[in-house]
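Okay, so here's the structure we're looking at.
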Amino acid sequence: MSFFGLKNLGSKIALTALGFSLIPLLALGITMYSMFASAYHDKVRSNLVTLAENKRQSIDLFLREQVSQLRTIAHTHSIEDLSSPEVLDKILTTIQMGSRTLIDLGLIGEDGRHISYAGPYNLAEINYKNEDWFHRVMVRKIYVSDVFEGFRGFPHLIIAVKVQVKGKAWILRATIDSDIFDSLVRWLQLGDRGDAYLVNRAGELQTRPRFGNKSKEIYKHFLGTPFVGARVSEFGDQKHKIFVEGIWLEQKEWLLVIEDDVQSELRPLFETQAATWALGGGGAALIIIGTLLISRMIVVQQERNEREQARLNEELIQSSKMAALGKLAAGVAHEVNNPLAVIREKAGWMRDLLEEEDVQGSENFKEFEDAVDKIEQHVERAGAVVHRMLGFARRMEPICNDVYLNDVLKHTTVFLDNEIKFRGIELIWHLGTDVPAIQSDASQLQQVFLNLLDNAIDAINRNGIITISTSFDRGSDSVCVSIRDNGPGIDKEVQQRLFDPFFTTKKVGEGTGLGLSISYSIVNKLGGTIRFESEVGHGTEFIIIFPVRHYDRNE
């Protein structure tokens, strides 16, 4: 005896099932994780390449805009205007109103001296003829410098364009604010540990990195001949490994280096790995528990079969009761129909006598006429009840007409008006004004509402409240009727059998236990649904829902 008291057969089943379940699960988990890890690495690298290209375009666009702005100034103003310090200062002021990128402007002649200068520095007397950038501009016509100190004594970079008019050459030069340019590049960083900076072909930093000076070992394999597109590599040890992306700018031979933390980029992968182990362990535990439970279930299967057989026998007995009830209802209906016909005939005869004989002069004529009216009214009501009983016995199809539920409810409560007033019960109405007509049988609906209201009155007994509500749901195209009482509510054990035939909580002789069963049958036959909500001490609510347009008399 082992495995929770199972015999040897149960133990063998459990061991075999575990072997065939856990081994494939382990193999599947390892294979899927390996494939996912490989695909995710490739995806991360692809995203980093795309990101580096987008960032390169941003910096190139910035440099292109500055060069275009300087060329526009050079070609839209005459040399005479640019030679005026006042005009140059106005141009610089106008530019700085939109952007503080340019610090100063200067017009330089062929001899390397300033013709005019606008800016915060005292550079008007400086001669640039021997400066390397001066000769490069004279040859290339457009030039963006590396970062250098120059006459200012602090790192900066310049852009310059050559203007040639009538055989004479001038240079229009502007200084880019290095702080703004550094901020532009650093803005491209990623995460808490990410960094971005520019280096030239010699590996010299052109912008200030976020975390101080950088070792050339990080990006040296990107230096040399500029390449097209972005490249990604990994740098560092297992404890602190980073992705390094390198891409060359188009406007200047600068290498954009982007550092990104491997841990942050691959965090979803690490989380997936942890989740895989957790799910794998959980799955294995579930398989073990499930296998043991199944083995145990095999032993007790016979007991389940016996319980199922008992349930089927109970349903068969219930069906027999319903068949007997149908026969009884048919017999009672036929027996009641005959005296009702006689009463109806005699009432008609009495009405004829009241009209033909000289009775109208009697002091009690009005009472005679009212009595005949009430006899005929209650004969019709009794006939309707008999019709319901025959419908229950013969499964009669409902009569399909346009029915306004608000009107049916109003008419139904009239039959119970005396009982409601006698018991001191208050009726509260919440009838929706937009409730449309439905295709249904008003008489059968009235029977349902009478049953529910009668049960609510019995539940309250005295001095309570019954709330009747109707509403229209346009989304589901259906109408809803709610009948709620503030009675004692229904116990949980009773709720399970509430719609069973012959089941009642009333005293012997006070109820047949057929009201809710017949109501349930009628609502289903009319294409609706009925349910209830009840809480002990807080009352009970019955909710009936009918479709507006989907009733078919042939169903």
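Listing for the model above:
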item: Region 327-351 - residue that is at pLDDT 70 or above and of a type in the set (D, E, K, R) and, of those, farthest from residue 377 (Cα to Cα); result: 335
item: Close pairs from region 425-446: first at pLDDT below 90 and part of a helix (DSSP H, G or I), partner polar (S, T, N, Q) and surrounded by fewer than 14 Cβ atoms within 10 Å (Cβ to Cβ), Cβ under 7 Å, at least 6 apart; result: 442/401
item: Condition met for residue 124 (of a type in the set (Gly, Ala, Ser), more than 13 Å from residue 172 (Cα to Cα) and not in a helix (DSSP H, G or I)); result: yes
item: Where residue 287 falls short, out of the listed (1) out of contact with any strand residue (DSSP E or B) (no Cβ under 9 Å at 6 or more places or on another chain); (2) surrounded by 14 or more Cβ atoms within 10 Å (Cβ to Cβ); (3) under 30 Å from residue 44 (Cα atoms); (4) at pLDDT 70 or above; result: (3)
item: Top-ranked residue of region 69-103 - restricted to ones that are in a helix (DSSP H, G or I) and out of contact with any strand residue (DSSP E or B) (no Cβ under 9 Å at 6 or more places or on another chain), ranked as farthest from residue 120 (Cα to Cα); result: 76
item: Qualifying residues in region 115-126 (those that are out of contact with any helix residue (DSSP H, G or I) (no Cβ under 9 Å at 6 or more places or on another chain) and touching a residue at least 12 places away in the same chain (Cβ under 8 Å)) - the one farthest from residue 252 (Cα to Cα); result: 125
item: Meets criteria (within 30 Å of residue 278 (Cβ to Cβ), modelled with pLDDT under 90 and exposed (fewer than 13 other Cβ atoms within 10 Å of the Cβ)) for residue 16; result: yes
item: Search result, residues across region 54-65 that are within 16 Å of residue 252 (Cβ to Cβ) and surrounded by fewer than 19 Cβ atoms within 10 Å (Cβ to Cβ); result: 57, 58, 60, 61, 62, 64, 65
item: Among (1) in contact with a Gly (Cβ under 7 Å, 6 or more places away or on another chain); (2) of a type outside the set (Gly, Ala, Ser); (3) modelled with pLDDT under 90, the one test that residue 80 misses; result: (1)
item: Residue list for region 20-34, filter: more than 15 Å from residue 282 (Cβ to Cβ) and at pLDDT below 75; result: 20, 32, 33
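The values are calculated or read from the model by the stated rules, or taken from the named source; none is laboratory data. In this text the structure is predicted, and so the values were computed from the model without any measurement. All Cβ positions, even for glycine, are placed from backbone atoms using ideal geometry, and neighbour counts span all protein chains on display.
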